[in-house]
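K.L.:
Here it is, the structure, as structure tokens.
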Amino acid sequence: MRVAILGAGAGGAAAAVEMTRLGHDVRLWNRSASTIEGFRAAHGIAHTGVLGEGFTPIEVITTQLAIAADCADVLLVCLPTLAHAALAQCLIDAKVISVPTILNPGHTGGALEFSQVFRRHGLPPPPIVEFSTLTYVARLRKPHQLVVTGCAKSVRAAAMPGDQSALTSALALYDCARPVANVLVTSLSNVNMVLHPPGAVLAAAWMEASGGDYSFYVEGLTEGVARVMESLDAERRDVARSFGITLPSLLNEMQAVGTIECDLDAGMGLGAAIRGGVANRTIKAPGDFTHRYYQEDFWYGLAPFLALAAIADVETPCAGALLHLGRLAAGPHAPAGQRTASEMGIAGLDKDALLAFVTGAQ
């Protein structure tokens, strides 16, 4: 399959390595030349971890979107979800408007927002599928050394109504992809929305004082943080139930993904379970408020979640408090925009209308 991977951060680099090693024709794109200069100079990606240790050549590494997407069978988007709307606009500008697109991941409302950009221009959206979480736990170490500490065992995958070719491609590329009913299921299965904001808010002073020099999922995951996570997770599952969706707890979802071990002691709590996870164990905390744990998981995780909760008419005081405190703490570093109901194209819909919209039953 001809796969254009859009985004050359750690997730995109990991995807480029895995897809190439699986025999696909891969082109890697990034908007910023500085992000890919090391890969371009080396003509590929050096990597260690669960995808193996070695070097994987990548034939085409480019900043030109039209070149990356030329003759592609599928676009595999591995960008922070806050970049989805801008990327959709870039695709429209480059006249790449019909290639099946996989958002890896979509997080909360990614497919809704991505498709809405096309509609706003009077264009039919391309076939779109979103994953509930990124299929890799990966980091880039200088100089452009990819370290992959985990690959997802299971992620949820859902397509926007209509053409299902993006979902077909997603299932062909990823054995871990599990199709679900609609994009509300994937959006409300966003692990990072529950996993990151509690620790990011409660340890903000430690982050600022140390520059993030502590392990986010071990030292930063105290029992107090875990209790706030559990409260936020309960709200997430309440909103899902209001839409007729039954979701597992954060602990069970992370076990399915593979970031919490499956052979836990029966009485182990959420905090201890996350601290014991191998894939995330060495990941450092954010260094400042510009880190994606703040920029992405608050305004493109909690914010769209609160929009869905409002439509479901479910109270979510924990999520609302975290978003408010996150904005106060980030101050001038808070982004100007966020993923709203309007940006997702669902403003003014009630619960039944939203369900009809995501299922194609309008």
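The values are calculated or read from the model by the stated rules, or taken from the named source; none is laboratory data. Remember, it's a predicted structure, so these values are computed and weren't measured experimentally. Backbone-built Cβ (ideal geometry, glycine too); neighbour counts: all protein chains shown. Heavy atoms of the whole protein, side chains included, go into the accessibility calculation; ligands, DNA and RNA do not. Shrake-Rupley method; radii C 1.70, N 1.55, O 1.52, S 1.80 Å.
K.L.:
Restricting the search to the range 1-31, which residues are among the aliphatic types (A, V, I, L, M), under 20 Å from residue 149 (Cβ atoms) and open to solvent by 40 Å² or more (accessible area, probe 1.4 Å)?
P.N.:
Of everything in the range 1-31, just one residue is among the aliphatic types (A, V, I, L, M), under 20 Å from residue 149 (Cβ atoms) and open to solvent by 40 Å² or more (accessible area, probe 1.4 Å), namely 22.
K.L.:
So which residues in the range 287-326 are closer than 22 Å to residue 106 by Cα and among the aliphatic types (A, V, I, L, M), if there are any at all?
P.N.:
Residues satisfying the conditions are 302, 303, 306, 307, 308, 309, 310, 311, 312, 319, 322, 323.
K.L.:
Follow-up. Could you tell me whether residue 51 is within 18 Å of the chain's Cα centre (by Cα) and surrounded by 15 or more Cβ atoms within 10 Å (Cβ to Cβ)?
P.N.:
Criteria not met by residue 51.
K.L.:
Across the range 178-190, which residue is farthest from residue 40 (Cα to Cα) among those that are open to solvent by 10 Å² or more (accessible area, probe 1.4 Å) and outside any loop (DSSP other than H, G, I, E, B)?
P.N.:
185
K.L.:
Consider residue 36 against the criteria (1) crowded, with 20+ Cβ neighbours inside 10 Å; (2) more than 17 Å from the chain's Cα centre (by Cα); (3) closer than 25 Å to residue 168 by Cα; (4) without any contact (Cβ under 8 Å) to a residue 60 or more places away in the chain: it satisfies all of them except one. Which criterion is unmet?
P.N.:
Condition (3) is where residue 36 drops out.
K.L.:
Related question: Filter the range 141-177 for residues that are open to solvent by 60 Å² or more (accessible area, probe 1.4 Å) and within 30 Å of residue 115 (Cβ to Cβ) and give the result.
P.N.:
Listed by number, the residues that qualify are 153, 163, 164, 168, 171, 172, 175.
K.L.:
Within the range 56-77, identify whether any single residue is more than 23 Å from the chain's Cα centre (by Cα), among the β-branched types (Val, Ile, Thr), assigned to a loop (DSSP other than H, G, I, E, B) and at pLDDT 95 or above, and answer yes or no.
P.N.:
Yes, the range 56-77 contains a residue that is more than 23 Å from the chain's Cα centre (by Cα), among the β-branched types (Val, Ile, Thr), assigned to a loop (DSSP other than H, G, I, E, B) and at pLDDT 95 or above.
K.L.:
Any residue at all in the range 339-361 that's part of a loop (DSSP other than H, G, I, E, B), touching a Leu at 6+ places or on another chain (Cβ under 9 Å), small (Gly, Ala, Ser) and open to solvent by 30 Å² or more (accessible area, probe 1.4 Å)?
P.N.:
yes
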